[in-house]
Amino acid sequence: MKFITAFFMAWGNFITLPCPLKKWDSELKNLMLAFLPAVGAVIGILWIALLAVLRLAVLPLSIVSIVMVFYIFAICGFMHMDGYMDCMDAILSRRPLEDRQRILKDSNVGAFAVVTLVFLVLTWYASMNAALPYCDYIGFLLIPVLSRSIGGACVLSYRPIGHSQYVKDYEQPDRSRYIAVILIQLAVILGIGVAYVFCVPSTVIACGNGIRLINMAVLAAVMILAGYIACLYARKQLGGMSGDVAGYTICFSELAGIMTLALTGHYTFTFMMPA
């Protein structure tokens with residue numbers, strides 16, 4: 001079945017773990033991108049399992065934080081981080097468009113990539129360190145799902161840069177059906193999140209289900225908005241969509257997600273705890 005093939009194609013391309021079913025059909029590359037939310041769900045489930053093990057081990061918060069941050073980049077082979085670095089090098093060069101596109105393809109690492117990577121990782125670590133004492137497990141499922149939903153939707157929706165690997169696939173007709181596949185997966189996973197809120201009591205902050213649902217809605221809204229703005233800006237600066245721009249989009253969306261988890265957890269704890 002083509003949906004199964006496309007899912008495992010996405011697994012093989014976007015997750016570093018061994019793929020259980022190695023299949024490839026070049027005609028299904030757009031459908032493969034449409035299964036990025038499902039790939040995000042696999043990543044999120046493993047992220048939750050990792051957090052559960054780390055909490056059982058009663059490790060210091062700083063150690064748990066760095067392991068959790070390392071995982072989210074390592075599980076995809078640092079692919080999205082690479083796209084983020086390439087885009088930062090090109091965009092911050094402030095050169096003419098043709099030069100920015102050339103820098104985007106250059107395999108050498110520039111100073112702008114290194115400097116912005118340092119701030120990306122530091123912000124991730126600080127936010128993770130702040131989020132872990134307060135956040136529900138469900139947040140760690142939603143972050144990789146939401147970021148990959150917006151990344152996949154952007155690749156399928158916007159015209160690629162001339163040198164992008166997605167140029168030929170963009171010419172396929174009726175691409176809206178792939179967006180529908182993304183939206184269906186996203187709706188199912190968000191539904192699982194809502195069910196989790198009502199079926200599993202909060203283990204970190206004693207708050208009502210309404211507050212938890214609001215926090216989940218804020219997380220989704222912030223991540224989608226941040227991803228869309230990041231993609232819009234990068235496309236404007238670089239002349240179109242590409243795999244690197246998708247990685248840049250995912251990195252900004254996930255960064256917004258972990259920061260939102262930290263802030264909503266902090267303020268929920270502050271206002272819910274008795275004086």
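The values are calculated or read from the model by the stated rules, or taken from the named source; none is laboratory data. Everything numeric here is computed off the predicted structure, so don't read it as measured data. All Cβ positions, glycine included, derive from the backbone under ideal geometry; neighbour counts span all protein chains shown. With ligands, DNA and RNA removed, areas are computed over all heavy atoms of the protein, side chains included. Shrake-Rupley method; radii C 1.70, N 1.55, O 1.52, S 1.80 Å.
So what's the gap between the Cα centers of the range 112-160 and the range 1-64, to the nearest angstrom?
Here the answer is 15 Å between Cα centres.
For the range 218-275, just the Cα atoms, rotate onto the principal axes and tell me the three extents in Å, largest first.
53, 14, 13
Got a sec? Charge dipole of the chain, +1 on Cβ for Lys and Arg, -1 for Asp and Glu; which of Ala180, Ala10, Ala34 is way out at the positive end?
Comparing the listed Cα positions along the dipole, Ala180 ranks first.
For the range 155-275, what's the relative contact order in percent, using C-alpha pairs closer than 8 Å and at least 6 residues apart?
After rounding, I find 34 percent.
Determine the shape class of the range 1-150: with a ≥ b ≥ c the square roots of the Cα gyration tensor eigenvalues, call it rounded for a/c under 1.5, and otherwise prolate if a/b is greater than b/c, oblate otherwise.
Taking the square roots of the gyration eigenvalues as a ≥ b ≥ c, the range 1-150 is oblate.
I'd like the carbon and sulfur percentage of the solvent accessible area for the range 166-275, probe radius 1.4 Å, heavy atoms only, ligands and nucleic acids excluded.
Using a 1.4 Å probe with all protein chains present, the range 166-275 comes out at 74 percent carbon and sulfur.
Heavy atoms only, 1.4 Å probe, whole protein assembly: order Phe271, Phe78, Phe73 by accessible area, highest first.
Phe271, Phe78, Phe73
Note down, for the range 1-42, the three equivalent ellipsoid semi-axes (square root of 5 times each alpha carbon gyration tensor eigenvalue), biggest first, whole angstrom.
One finds semi-axes of 14, 11, 8 Å for the range 1-42.
Once the dipole of the range 35-103 is set up with Lys and Arg at +1 and Asp and Glu at -1 on Cβ about the Cα centre, which of Pro96, Ile63, Gly83 lies farthest towards its positive end?
It is Ile63.
Only Cα pairs under 8 Å and at least 6 apart count here; give the relative contact order of the chain as a rounded whole percent.
27 percent
Give the total of Lys-Lys pairs in the chain with Cα-Cα distances below 15 Å; include a pair only if its members are 8 or more places apart or on different chains.
Number of lysine pairs found: 4.
Show me the ranking of peptides 173-181, 152-160, 96-104, 244-252 by mean Cβ neighbours inside 10 Å, starting with the highest.
Highest to lowest by the protection proxy: 244-252, 152-160, 96-104, 173-181.
Quick one: 3J(HN,Hα) in Hz for the range 236-251, Karplus 6.51/-1.76/1.60 with θ = phi - 60°, rounded, Gly and Pro as x.
The phi angles translate into 5, 6, 10, x, x, 8, 7, x, 5, 5, 4, x, 4, 4, 4, 4 Hz.
So if I place +1 on the C-beta of Lys and Arg and -1 on the C-beta of Asp and Glu, and nothing else carries charge, what would the dipole magnitude of the range 18-157 be about its Cα centre? I want it in debye, nearest 20.
60 debye
With only Lys, Arg, Asp and Glu charged, each at its Cβ (+1 for the first two, -1 for the last two), find how big the charge dipole of the chain is about the Cα centre; round to the nearest 20 debye.
Dipole magnitude for the chain comes out near 220 debye.
Roughly how many Å² is the accessible area per residue of the chain, as a whole number, for a 1.4 Å probe?
47 Å²
How large is ³J(HN,Hα), in whole Hz, for each residue of the range 50-66 in order, when computed from phi with the Karplus curve 6.51 cos²θ - 1.76 cosθ + 1.60 and θ = phi - 60°, using x for Gly and Pro?
Using θ = phi - 60°, the values come out as 4, 4, 4, 5, 5, 5, 5, 6, 6, 7, x, 4, 5, 5, 4, 4, 5 Hz.
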